[in-house]
Amino acid sequence: MENKFEHIDDVIARFLSEEATADDCQLLEDWRAESEENNREFLRFEKLFNVSGELRDGLHVDTDAAWKKVQTSIKSSSQTGKVIDLKPSTKRLSFLRVAATILILAGAGLSIYFCCFRLVE
């Protein structure tokens with residue numbers, strides 16, 4: 001049987017953001033009444049929600065200015081002819097090719113030795 005309080009964090013979030021349904025409110029009320037620890041947990045959530053809202057209100061971001069800065073940066077880099085190479089490094093691939101070749105040759109040599117020369121003995 002599923003615990004009816006399994007997603008209580010989601011219910012608390014909807015309640016604090018004033019998006020809770022009547023069922024959510026009743027469930028939250030039942031959960032808070034179940035124990036003092038649940039009630040303290042809700043109060044911690046509520047305090048965190050309120051403090052984060054105050055921080056958000058104090059933070060001002062000028063998205064238009066930020067976008068203009070990005071556009072200016074793009075234009076200036078395209079005018080200077082600055083090109084960024086996005087190809088992966090071939091040093092590691094070259095090493096792997098050499099290592100694979102050595103392993104194949106060693107394997108072939110050992111196979112020939114054990115198949116041909118061991119049969120003669």
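Some observations on this one:
- Subset of the stretch 1-15 [in a helix (DSSP H, G or I) and over 13 Å from Arg32 (Cβ atoms)]: Asp9, Asp10, Ala13, Arg14
- Tally, over the stretch 18-63, of residues that are small (Gly, Ala, Ser), at pLDDT 90 or above and assigned to a helix (DSSP H, G or I): 2
The values are calculated or read from the model by the stated rules, or taken from the named source; none is laboratory data. This one's a predicted model, so the numbers in the text were calculated from it and none came from an experiment. In this analysis, Cβ positions are derived from the backbone assuming ideal geometry, glycine residues included, and neighbour counts consider all displayed protein chains.
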